[in-house]
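Heads up, the thing below is written out as structure tokens.
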Amino acid sequence: MCRNIRTLRPPYAEAVTDEDVRAAALQYVRKVSGFRAPAAHNQAAFDLAVEQIAEATGTLLDTLQVRGAASR
């Protein structure tokens, strides 16, 4: 299991897709839960967590103000 989630904001990442955000959310849920793939009885909870974290991540990235990014 990978231990690092890639930074998704400028200047580290210029073009971030919904797939990038979902992959980071999935990686986070895998790390926190300790499961690469959940058992069938945990699948709904796992999927809901990924969805909610991806949404929160998108909101965060949309509202962050990165100062000095234009001067780089």
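The values are calculated or read from the model by the stated rules, or taken from the named source; none is laboratory data. In this text the structure is predicted, and so the values were computed from the model without any measurement. Don't worry about glycine lacking a Cβ; one is built from the backbone with ideal geometry, like all the others, and counts go over all protein chains shown. Protein only, heavy atoms only, side chains kept; ligands, DNA and RNA dropped before computing areas. Shrake-Rupley method; radii C 1.70, N 1.55, O 1.52, S 1.80 Å.
Annotations for the structure displayed:
- Portion, in percent, of the accessible area of the chain that falls on carbon or sulfur, probe 1.4 Å: 52
- Projecting the Cα atoms of THR7, GLY58, ALA39 onto the charge dipole of the chain (Cβ charges, centred on the Cα centre) puts THR7 farthest toward the positive pole.
- Potential lengthening between SER33 and ASP62 on full extension [0.36 nm per residue; Cα-Cα distance subtracted]: 7.8 nm
- Here the relative contact order of the chain, from alpha carbon pairs under 8 Å that lie six or more residues apart, stands at 37 percent.
- Built amide H within the under 5 Å cut-off of PHE35, gap 5+: none
- Mean residue ellipticity, 222 nm, helices only, the chain: the sum of -39500 (n - 2.57) across DSSP H runs of n ≥ 4, divided by residue count and rounded to 500, is -17500 deg cm²/dmol.
- Phi-derived couplings, Karplus 6.51 cos²θ - 1.76 cosθ + 1.60 at θ = phi - 60°, listed residue by residue for the stretch 15-28: 10, 10, 9, 4, 5, 5, 5, 5, 5, 5, 5, 4, 4, 4 Hz, with x used for Gly and Pro.
- Helix 43-63 axis, angle to the chain major axis (alpha carbon atoms, nearest 10°): 10
- Size of electric dipole in the stretch 1-59: Cβ of Lys, Arg +1 and of Asp, Glu -1, about Cα centre, debye, nearest 20: 380
- Using a probe of 1.4 Å on the protein chains alone, the accessible area found for VAL32 is around 100 Å².
- Per residue, the chain exposes 78 Å² of solvent-accessible protein surface, assessed with a 1.4 angstrom probe and all protein chains in place.
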